């Protein structure tokens, strides 16, 4: 029996452990997971110290330790030396799917151009060619000229690589999945921003990879934070978005890029650099891959800059990891769409993608001017070419509450909880996918409504 009385002792969790049906550590882990799923334990809740919980339940300390380890590997818990164990935020992340069509959708980033004349012309030309039907068959592998197209595209964001060193993937999310499966195993730890792209959260959960939030300085990873994560958490690599970070829209400084490249070389870290937003950024600088090719991996997709339907991505990767990534890409995808590869390659090599990207920039600049004007009295992160903006909420609002109030006005936005990693919310706010509404009038309507919510208190 416990030797202390817990009647008046403050404990955040008092589980009623059922004994006899399964090993106690499994029963405790299951109970913890159930209480999190049901809302009994909220994200950010600090759990009782393991020794106190063991005493409360009259079980061995090792039983609690094993149960916590199971839940940590599932991403349910986040532990920090000297701070304790907390219910994670990112385990609650849901698939961020488009909302119902009767509301103004500013949740997922799904930009679309009304005029796609360049793509239409390419497809029409392909249809007139004698071997057009082959575009609907299985491929025999990516042809060299198609990899040349990838190298040409990467050169537009200052990524220097020869065609033969490129690995092709079916969109950006597929590229991330391929890299994670090739280079990480269940239980490995990956350093990320405290607010990170939700697609990475979902993949990490699926693959059993632990996400470790890196301490920030001026809105980006700090050297001390990375080195601490190496020492304390044993991270194997980093995932970063230098241009228009998703969700915060922050653009990484050159000093931070240099620091990450240097630390990666010293600590032998894999750096997965997502080129999200790079094709739409003004005066883009060379990626970390160019500065640390043995550690760096750079991926670039056409989906957000040109069209969501062009599920084509290119991975720049050094000799050290290329074969492993190529093998996984083949086994996951088997073969890529010949049709999409043809369209994407012709679009790039003809130079047509440049006019499409230029129109995308014009649209984004106009939309960002609207956002800047409407929220001129509030803190709004991001710039003139940002695909999304981050609205920092006044302390009187939680992001969860604001998301709910927006939904009542038929507007879909995503709050911090969808992107948070670790034991606490790094910054309470909501991501505004300004690229998604079908026209500026709908965007303006939605932003005015969101401002009304802010002004209601």
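No value in this document is a laboratory result; all are computed from the given coordinates. Because the structure is predicted, anything quoted here is derived from the model rather than measured. Positions of Cβ are generated from backbone atoms using ideal geometry, with glycine treated the same way; all protein chains shown enter the neighbour counts.
Modelled this way, with points 7 Å down the Cα-to-C-beta line, the labels at residue 400 and residue 123 are 4.4 nm from one another. On a C-alpha basis, how far is the centre of segment 390-426 from the centre of segment 269-289 in Å? Whole number, if you could? Distance between centres, Cα-based: 27 Å. Relative to the longest principal axis of the Cα atoms of the chain, the long axis of helix 352-374 makes an angle of roughly 50 degrees.
In terms of the Cα gyration tensor, with a ≥ b ≥ c the square roots of its eigenvalues, is segment 397-457 rounded because a/c is under 1.5, prolate because a/b exceeds b/c, or oblate?
On the way: a/c = 2.59, a/b = 1.55, b/c = 1.67.
Taking the square roots of the gyration eigenvalues as a ≥ b ≥ c, segment 397-457 is oblate.
Structural descriptor for segment 373-446: relative contact order 31 percent, calculated from alpha carbon pairs under 8 angstrom and at least 6 residues apart. Decide, for segment 147-257, between rounded, prolate and oblate: order the square roots of the alpha carbon gyration tensor eigenvalues as a ≥ b ≥ c, take rounded if a/c falls under 1.5, and otherwise choose prolate if a/b is larger than b/c, else oblate. It comes out oblate by the Cα gyration axes.
Computed from label points 7 Å out along Cα-Cβ, the spacing between residue 379 and residue 16 is 4.4 nm. Per-residue packing, averaged as other Cβ atoms within 10 Å, sorts the ranges 58-67, 207-216 into the order 207-216, 58-67, beginning with the highest. Calculate the FRET efficiency for residue 61 and residue 359 from the Cβ-Cβ distance with a Förster distance of 60 Å, rounded to the nearest 0.05. With a Förster radius of 60 Å, E is 0.45.
State the three equivalent ellipsoid semi-axes of segment 276-326, derived from the C-alpha gyration tensor as the square roots of 5 times its eigenvalues, in descending order and whole Å. Show your work: numbers first, answer last.
Details: eigenvalues 98, 52, 4 Å².
Equivalent ellipsoid semi-axes, largest first: 22, 16, 4 Å.
For segment 133-350, what does the alpha-carbon gyration tensor say about shape, rounded, prolate or oblate, given a ≥ b ≥ c as the root eigenvalues, a/c under 1.5 as rounded, and a/b over b/c as prolate?
Details: a/c = 1.86, a/b = 1.53, b/c = 1.22.
Taking the square roots of the gyration eigenvalues as a ≥ b ≥ c, segment 133-350 is prolate.
Using a Förster distance of 45 angstrom, determine the FRET efficiency expected from the C-beta separation of residue 103 and residue 145, and round it to 0.05.
Working: r = 44 Å, r/R0 = 0.97.
In this case the efficiency is close to 0.55.
Helix 144-155 and the longest principal axis of the Cα set of the chain meet at an angle near 70°.
Rounded to the nearest 5, what % of the DSSP beta bridges within the chain are antiparallel ones? Mind dumping the intermediate values first?
Numbers: 25 of 41 bridges.
Roughly 60 percent of the DSSP beta bridges within the chain come out antiparallel.
Legend: ranking of residues 381, 145 from fewest to most surrounding C-beta atoms inside 10 Å; resulting order 145, 381. For the chain, the 222 nm mean residue ellipticity estimated from helices alone, with every DSSP H stretch of n ≥ 4 adding -39500 (n - 2.57) and the total spread over all residues, rounds to -12000 deg cm²/dmol.
Against the set (1) 23.8, 85; (2) 26.4, 78; (3) 25.5, 90, the structure's computed Rg and Dmax of the Cα atoms in Å falls on (1).
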